[in-house]
Amino acid sequence: MSSIRWSFQDWLTMLSILLSAELLLAVVVFVTAPFWSRFVLKKITEYVTKRLFTEEYTKNLLEGLTALRKFGVQWTFENELRAHTAQPLEKPIGTARPFPHFDGLLFTPVQLTRRPLDHGVPVNLKTVIGHKAQRPMMLSMPVMVSAMGYGVALSKPFVRAIARGTAMAGTACNAGEGPALGEFRKLARHLVVQYHGASWRPSLDILRQADMIEIRFGQGANAGCGTLVPASGLPAEVQHDLGLKPGQTGYIPAGHPEVIRVSRDLRRLVHKLRRIANGVPIAVKLAAGHFLEQDLYLAVQAGVDVIVLDGAQGGTHSSSAILVDDFGLPTLAALCRAVRFLREHGYWNRVDLVVSGGIRTPGDMLKALALGANAVYIGTAALFATAHTQITQAVPFEPPTQIAWANAEIPAHFQEQDGARSLANFLDSCAEEMRMGIRALGKTSVHDVDETDLVAWDPDVARITGLPLV
């Protein structure tokens with residue numbers, strides 16, 4: 001039997017025929033789609049409807065809908081993740097629980113009783129943090145970017161972008177619980193260095209260069225618990241900067257190892273850090289809890305210059321879901337209780353109060369300031385502003401935050417300068433919106449805005465704040 005040998009031209013002809021046939025088939029399918037698709041869709045609809053309307057409930061797909069409505073889509077999916085791993089669920093960003101928040105407040109515009117101001121009237125946003133300190137921190141606005149540490153959360157280019165962006169806007173960023181590197185200090189105009197108990201705690205040299213030192217005791221999304229930092233998934237450079245070996249897990253202890261007996265040790269630590277940093281403000285960061293007033297008393301008695309209060313809506317890179325969703329006080333309630341305590345006990349002029357946790361918009365910022373905060377921290381809002389359009393490197397197949405995390409599983413090429421510019425734009429935009437709001441109140445300084453400029457439309461918010469219910 002003779003074999004058939006095909007030349008290259010024969011193969012090319014056959015390929016051309018096949019492609020032509022496929023193209024013809026595609027054209028036929030497209031042209032006839034209005035006819036056959038209607039028939040197919042009708043048959044599918046008939047089948048699904050019959051199943052849904054006739055099967056007993058325990059076998060019906062509607063049972064799944066009932067479960068989703070009972071538990072909620074988010075809680076159902078989170079429980080399935082628990083079922084898959086048998087480990088505590090590590091949850092990013094923060095809680096989505098609908099706590100009473102700044103949304104329940106509205107500013108009162110002025111018109112005849114007091115005149116609003118024209119657009120060109122200058123409005124002062126300049127803010128002093130740690131006004132009693134020897135070297136207070138002077139900011140262009142009462143908005144700072146909160147602790148999001150290198151390695152324990154963010155990649156180095158992302159942290160550098162935040163440092164650059166806040167410098168462009170004339171405000172401060174917080175180095176967080178990761179290694180505070182000298183390059184961050186060079187890029188940031190105002191750097192808050194967080195002092196914690198991990199093995200990579202900031203060096204004496206970095207502490208001496210800080211514009212404020214923040215002693216970390218807790219945070220809204222992690223309560224006062226310790227934090228595990230696995231080396232797995234981290235680039236070699238990050239592992240080196242954390243001092244971790246491959247496969248090793250780092251740990252940030254709960255509380256602070258230098259503070260055992262609070263009334264004595266915290267005062268010593270505050271004085272020690274103040275001496276090291278040559279008089280910059282010394283702050284404590286607290287997760288807001290029901291014993292808030294006692295915590296505030298101990299902090300003030302220890303001589304701190306600033307109290308940073310993180311409400312239950314605070315975000316994080318990753319924390320146990322039970323700590324994220326079920327611990328703490330809502331930011332609004334924590335702020336009002338803190339202001340009330342400090343005023344009633346004569347501490348108001350001794351310390352400054354910075355609040356964080358779920359502060360998203362210029363309206364949230366200005367409302368928090370009107371209720372008594374000297375400044376606010378923003379976290380998630382700054383994170384997404386820095387990522388901006390660069391999230392397209394991650395979505396739609398990965399979460400947008402993969403562009404930011406140090407342990408991201410995708411090869412991201414984050415553009416540091418673009419991220420810095422978008423963060424600075426966001427901060428400048430927020431500042432200008434606050435100026436517009438302050439003019440609408442007939443005032444020329446953010447420090448003149450107070451609770452008399454607010455009313456509550458939500459009964460729970462009125463009860464929490466003590467403001468008039470409209």
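Structure summary
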item: Average accessible surface area per residue within the chain, 1.4 Å rolling probe, Å²; result: 52
item: 0 to 90° range, to nearest 10: angle between helix 331-344 axis and the chain longest Cα axis; result: 0
item: Reference-scaled alpha-carbon Rg (2.2 N^0.38 Å with N residues) for the chain; result: 1.23
item: FRET efficiency estimate (nearest 0.05) - Cβ-Cβ, ARG114 to ARG340, R0 25 angstrom; result: 0.40
item: Estimated vicinal HN-Hα couplings, Hz - the range 63-77 in sequence order (Karplus 6.51, -1.76, 1.60; Gly, Pro = x); result: 4, x, 5, 4, 4, 5, 5, 6, 8, x, 4, 4, 5, 5, 5
item: Farthest positive-ward along the chain dipole, Cα basis, beta-carbon charges - from SER16, LEU187, VAL461; result: LEU187
item: Segment LYS43-THR66, extension gain: residue separation times 0.36 nm, minus the distance between their alpha carbons; result: 5.7 nm
item: Angle between the chain longest axis and helix 292-301 axis [Cα atoms, degrees, rounded to 10]; result: 50
item: Estimated FRET transfer efficiency (THR32, ASP460; beta-carbon r; R0 56 Å; 0.05); result: 0.40
item: Segment HIS290-HIS84, length gained on full extension (0.36 nm per residue, minus Cα span); result: 70.7 nm
item: Karplus-derived 3J(HN,Hα), 6.51/-1.76/1.60, for each residue of the range 407-412, Hz, glycine and proline x; result: 9, 4, 9, 10, x, 8
item: The range 214-306: chymotrypsin sites (Phe, Trp or Tyr not before Pro) in DSSP loop, at most 14 other beta carbons within 10 Å; result: PHE291
item: 13 Å beta-carbon shell around GLY120, net charge (K/R +1, D/E -1); result: 0
item: Segment LYS126-LYS186, extension gain: residue separation times 0.36 nm, minus the distance between their alpha carbons; result: 19.4 nm
item: Helical mean residue ellipticity (222 nm; -39500 (n - 2.57) per DSSP H run of 4+; nearest 500) of the chain; result: -13000 deg cm²/dmol
item: Residue range of the chain that is longest and free of trypsin sites (Lys or Arg not before Pro) which are both DSSP loop and sparsely packed (at most 12 other C-beta within 10 Å); result: 262-470
item: Table column - 3J(HN,Hα) (Hz), the range 238-250, Karplus curve with 6.51, -1.76, 1.60, x for Gly and Pro; result: 5, 4, 5, 5, 7, x, 9, 8, x, x, 7, 10, x
item: FRET efficiency estimate (nearest 0.05) - Cβ-Cβ, TRP75 to ASP265, R0 41 angstrom; result: 0.50
item: Percent accessible area from carbon and sulfur atoms, the range 252-322, protein chains only, probe 1.4 Å; result: 56
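The values are calculated or read from the model by the stated rules, or taken from the named source; none is laboratory data. Bear in mind that the values here come from a model prediction, so they are computed numbers and not experimental data. Virtual Cβ from ideal backbone geometry, glycine too; neighbours counted across all protein chains shown. Please note that ligands, DNA and RNA were not included when accessible areas were found on the heavy atoms of the full protein model with its side chains. Shrake-Rupley method; radii C 1.70, N 1.55, O 1.52, S 1.80 Å.
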